[in-house]
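A.B. asks: A single structure is presented below for examination.
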Amino acid sequence: MSDGTASDVLLVTSPRPPWISPKAFEVSENSCPPLGLLYLARYLENAGVTVRVNDFYRFGGKPKDVIPLINESRPKIVAISTLTSGFSLAKRICRHVKENAPDVVTVIGGAHATALPREVLAEPDVDFVVRGEGELSLEELVRAVLEGETSSTSLSRIDGIGFKIGENAVLTSDRRLLDVDEIPEPARHLVPLDQYLQAGAILVSRGCPAHCFFCSSVSFNTHRYRFRSPSLVVSEIEGLHRAHGLTEFEFMDDVITSDPKRLRELCLKLQGRGFRWACQARIKDLEDDLGLLDAMAAGGCAGIFFGVEAGNDDVLRKVKGLTTAGVTKVVERAVANHLNVITSFMIGHPWDTRQTIEDTFNLMLRLRDLGCHTPMSILVPFPGSPLAQAPENFGIRIESRDYSDYYHNRALLTTQHLSREELREIYLDLLFRFTIDQEDIPTRQN
Ligand code: B12
Ligand code: SF4
């Protein structure tokens, strides 16, 4: 990861918050190569730019650990990937960069910068943000910086970025979404792949067509779902198998089931190859197409993650357009196909009362009896989601703007029915009742 040679661009992930135990990274879900950064790195390398990647999130470290890295590789640009919860640490990385190498340009990209570009640019040590898919935007920005073409006129021509003129933030036009079949494979050689438990992490698609009120996916993909050509996916899988001996893969997509035709084609191509894979899927896509689950199982699917989110029919309909009967039907078929099923739940929806949460708990128990893992979390108002953009439309008050608290086990909201304190108390009570005979900690959202 750190070979000590000079590089034009240093790409880093924001470190994990100090309160997360290193043990959490011994769990496979938390040990995934930073695909977003590796896609960016591939574009930069293809453009002749030298790049170094440091994954603080996976391998630990503090914001100040960027200092030896910049001393060693003397980059012109330090670019940081962060989600909302890592933003305060990303800011501190920028501060250390500016204190130690004031001429180095700082860039922040990822979900948080996409949702709140002006807020991120208001930080004195942040020079640029990149909004949405970053491959082309970063490549053009890096070229402009390396060639000294950083007048506001030149920068304004680069879509998908934000920069400052004096105190004012300027956002350029949105970047058009990429053709997913033209995106080269991530530059996995820039990280020690064998040190990730999910070394076989791969993206089959980008985007999600759904409209969940709590999800920030829309700020990225404007509901456009783009499934890669199955033959390209297979060739990436074969490449990973040849180079690293991998036979187990994790499809990291928001959802994998929203283009059933392409998914069936992919499953057919993978059938009988001996590869096993896990993915996230939408129950809505499968409700009327249970055969897709059979095709997935035949194609090597061994694990499936569903964001069910609620167990009361009224709430479930508002949150996901689903019924508990529909959920059970799909889950039963997945179980019948011997898939390892994770059904994830949230409490604290705008319509949740103590009684509907009890219904959620009961559905969790029923699904557990079917053999599912059932993690549970509290609704978090992630920036960029419809909920965060207009909480009043949902009768919600956001009680904390401390983004380092934006994790799924934190109570951050007061709803029309439940206070923040009540939500926290109910959550702990449910966890206690649930974990008496089973430990389940939420790690992923869908
Ligand atoms: C896989 C995944 C994980 C994995 C692995 C993450 C990893 N190593 O990349 C794990 C399980 C660890 C994980 C954990 C969490 N995740 Co997660 N995760 C995802 C998921 C499903 C896919 C990520 C991915 O690979 N995307 C594909 C790549 C190509 O996109 P990308 O990473 O966003 O990168 C592109 C752009 O963002 C941009 N970009 C990104 N970084 C940078 C940096 C620079 C400098 C530039 C220029 C551009 C740029 O360019 C990239 C290429 O186009 C996303 C949903 C999604 N579709 O993104 C949620 C998502 C990112 N996760 C989310 C959340 C909330 C979490 C957790 C907080 C959950 C929790 N436990 O409470 C944790 C926090 C982890 C952390 N780092 O702090 C939210 C983020 C919301 C937010 N505003 O913070 C998302 C968007 C899901 C959602 N819809 O709500 N996650
Ligand atoms: S929560 Fe999942 S299904 Fe809903 S919009 Fe987000 S990615 Fe799509």
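The values are calculated or read from the model by the stated rules, or taken from the named source; none is laboratory data. Values in this document were obtained by computation on a predicted structure and should not be read as measured data. So basically every Cβ, Gly included, is an ideal-geometry build from the backbone, and we count neighbours across all protein chains shown.
A.B. asks: For segment 216-224, indicate whether the set of residues that are of a type in the set (F, W, Y) and more than 14 Å from ligand 1 (Cβ to nearest atom) is non-empty. Break it down into steps so the answer makes sense when it comes.
C.D. replies: Step one: of segment 216-224, the residues of a type in the set (F, W, Y) are 220.
Now narrow it down to the ones that are more than 14 Å from ligand 1 (Cβ to nearest atom): none.
The answer is no, given that none of the residues of segment 216-224 is of a type in the set (F, W, Y) and more than 14 Å from ligand 1 (Cβ to nearest atom).
A.B. asks: For L370, state whether it is over 26 Å from the mean Cα position of the chain (by Cα), more than 16 Å from ligand 1 (Cβ to nearest atom) and closer than 29 Å to A325 by Cβ. If you could, list the steps in order and put the result at the bottom.
C.D. replies: Numbers: over 26 Å from the mean Cα position of the chain (by Cα): yes; more than 16 Å from ligand 1 (Cβ to nearest atom): yes; closer than 29 Å to A325 by Cβ: yes.
It is true that L370 is over 26 Å from the mean Cα position of the chain (by Cα), more than 16 Å from ligand 1 (Cβ to nearest atom) and closer than 29 Å to A325 by Cβ.
A.B. asks: Which condition number does A169 fail, the rest of (1) small (G, A, S); (2) at positive phi; (3) surrounded by fewer than 20 Cβ atoms within 10 Å (Cβ to Cβ) being met?
C.D. replies: Among (1) small (G, A, S); (2) at positive phi; (3) surrounded by fewer than 20 Cβ atoms within 10 Å (Cβ to Cβ), the lone unmet condition for A169 is (2).
A.B. asks: From R228, R317, R264, which residue is among the basic types (K, R), touching a Lys or Arg at 6+ places or on another chain (Cβ under 9 Å) and within 23 Å of G207 (Cα to Cα)? Steps first, please.
C.D. replies: On the way: R317 fails: touching a Lys or Arg at 6+ places or on another chain (Cβ under 9 Å); R264 fails: touching a Lys or Arg at 6+ places or on another chain (Cβ under 9 Å).
Exactly one of R228, R317, R264 is among the basic types (K, R), touching a Lys or Arg at 6+ places or on another chain (Cβ under 9 Å) and within 23 Å of G207 (Cα to Cα), namely R228.
A.B. asks: Anything in segment 214-230 that is touching an Asp or Glu at 6+ places or on another chain (Cβ under 8 Å), more than 9 Å from ligand 2 (Cβ to nearest atom) and small (G, A, S)? List them, or say none.
C.D. replies: S229
A.B. asks: A follow-up question, please. For F249, are the conditions met, namely being within 16 Å of ligand 2 (Cβ to nearest atom), assigned to a strand (DSSP E or B) and buried (at least 19 other Cβ atoms within 10 Å of the Cβ)?
C.D. replies: No, not satisfied.
A.B. asks: In addition: Which residue pairs have Cβ atoms closer than 9 Å, lie 6 or more positions apart in sequence or on different chains, and pair a first residue in segment 133-153 that is in contact (Cβ under 8 Å) with a residue 40 or more places away in the chain with a second residue that is within 16 Å of ligand 2 (Cβ to nearest atom) and among the aromatic types (F, W, Y)?
C.D. replies: Note: pairs meeting the criteria are E133/F220.
Every residue, every condition in (1) within 16 Å of ligand 2 (Cβ to nearest atom); (2) under 22 Å from S85 (Cα atoms); (3) at pLDDT 95 or above; (4) in a helix (DSSP H, G or I), yes or no:
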residue	(1), (2), (3), (4)
L387	yes, yes, yes, yes
E392	no, no, yes, yes
R401	no, yes, no, no
D440	no, yes, no, no
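Residues are listed down the side, and each one gets a yes or a no for (1) surrounded by fewer than 16 Cβ atoms within 10 Å (Cβ to Cβ); (2) of a type in the set (V, I, T); (3) assigned to a helix (DSSP H, G or I); (4) more than 16 Å from ligand 2 (Cβ to nearest atom):
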site	(1), (2), (3), (4)
P18	yes, no, no, yes
F25	no, no, yes, yes
C32	no, no, no, yes
A41	no, no, yes, yes
G48	yes, no, no, yes
Y57	no, no, yes, yes
K91	no, no, yes, yes
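A.B. asks: If you go through segment 397-439, how many residues are without any contact (Cβ under 8 Å) to a residue 40 or more places away in the chain, hydrophobic (A, V, I, L, M, F, W, C) and surrounded by 18 or more Cβ atoms within 10 Å (Cβ to Cβ)?
C.D. replies: Looking only at that region, the number is 1.
A.B. asks: Outside any helix (DSSP H, G or I), surrounded by fewer than 22 Cβ atoms within 10 Å (Cβ to Cβ) and acidic (D, E): which single residue out of D103, D65 fits that description?
C.D. replies: On the way: D65 fails: outside any helix (DSSP H, G or I).
Just a single option satisfies the conditions, and that option is D103.
A.B. asks: Answer with yes or no whether R95 is among the charged types (D, E, K, R), more than 13 Å from ligand 1 (Cβ to nearest atom) and without any contact (Cβ under 8 Å) to a residue 40 or more places away in the chain. Steps first, answer last, please.
C.D. replies: Working: among the charged types (D, E, K, R): yes; more than 13 Å from ligand 1 (Cβ to nearest atom): yes; without any contact (Cβ under 8 Å) to a residue 40 or more places away in the chain: yes.
Against the criterion (among the charged types (D, E, K, R), more than 13 Å from ligand 1 (Cβ to nearest atom) and without any contact (Cβ under 8 Å) to a residue 40 or more places away in the chain), R95 qualifies.
A.B. asks: Within segment 7-16, does at least one residue satisfy the condition of being part of a helix (DSSP H, G or I) and within 17 Å of the chain's Cα centre (by Cα)? Don't jump to the end; show me each part of the working.
C.D. replies: Kept after step one, since they are part of a helix (DSSP H, G or I), are these residues of segment 7-16: none.
No - not one qualifying residue is present in segment 7-16.
A.B. asks: In segment 199-211, how many residues are more than 8 Å from ligand 1 (Cβ to nearest atom) and either surrounded by fewer than 19 Cβ atoms within 10 Å (Cβ to Cβ) or of a type outside the set (V, I, T) (or both)?
C.D. replies: The initial filter retains those residues of segment 199-211 that are more than 8 Å from ligand 1 (Cβ to nearest atom), namely 199-200, 202, 204-205, 209-211.
Adding the requirement that they be either surrounded by fewer than 19 Cβ atoms within 10 Å (Cβ to Cβ) or of a type outside the set (V, I, T) (or both) leaves 199-200, 205, 209-211.
Total meeting the criteria: 6.
A.B. asks: Working only within segment 37-84, note down all residues that are within 10 Å of ligand 1 (Cβ to nearest atom), in contact with an Asp or Glu (Cβ under 9 Å, 6 or more places away or on another chain) and either within 16 Å of P15 (Cβ to Cβ) or at pLDDT below 95 (or both).
C.D. replies: Within segment 37-84, L37, F56 meet the criteria.
A.B. asks: Hey, which of the helices (runs of 4 or more DSSP H) in segment 108-213, taking only ones fully inside, have at least 3 residues that are away from ligand 2 (no atom under 16 Å from the Cβ) and either charged (D, E, K, R) or under 30 Å from E26 (Cα atoms) (or both)? If you could, list the steps in order and put the result at the bottom.
C.D. replies: On the way: elements: 111-115, 117-121, 135-146, 152-156.
Ranges flagged: 135-146.
A.B. asks: Which of the numbered conditions does L270 fail, given that it passes all the others? Conditions: (1) crowded, with 19+ Cβ neighbours inside 10 Å; (2) within 25 Å of the chain's Cα centre (by Cα).
C.D. replies: So L270 meets the others, but not (2).
A.B. asks: Determine which single condition V234 fails, assuming it passes every other condition in (1) touching a residue at least 60 places away in the same chain (Cβ under 8 Å); (2) away from ligand 2 (no atom under 16 Å from the Cβ).
C.D. replies: With respect to (1) touching a residue at least 60 places away in the same chain (Cβ under 8 Å); (2) away from ligand 2 (no atom under 16 Å from the Cβ), V234 is out only on (1).
A.B. asks: Would you mind listing the strands (runs of 3 or more DSSP E) fully within segment 260-366 where at least 1 residues are at positive phi? Lay out the reasoning, then the answer.
C.D. replies: Numbers: elements: 276-281, 301-309, 340-347.
Fully inside segment 260-366 and qualifying: 301-309.
A.B. asks: May I ask you to say which residue of R397, R317 is away from ligand 2 (no atom under 16 Å from the Cβ) and of a type in the set (K, R)? Explain how you work it out, then say what you get.
C.D. replies: On the way: R317 fails: away from ligand 2 (no atom under 16 Å from the Cβ).
So the residue among R397, R317 that is away from ligand 2 (no atom under 16 Å from the Cβ) and of a type in the set (K, R) is R397.
A.B. asks: Could I ask something else about it? Being exposed (fewer than 15 other Cβ atoms within 10 Å of the Cβ), out of contact with any Cys (no Cβ under 6 Å at 6 or more places or on another chain), farther than 18 Å from V49 by Cβ and of a type in the set (A, V, I, L, M, F, W, C) is the requirement here; does A122 meet it?
C.D. replies: Working: exposed (fewer than 15 other Cβ atoms within 10 Å of the Cβ): yes; out of contact with any Cys (no Cβ under 6 Å at 6 or more places or on another chain): yes; farther than 18 Å from V49 by Cβ: yes; of a type in the set (A, V, I, L, M, F, W, C): yes.
The answer is yes for A122.
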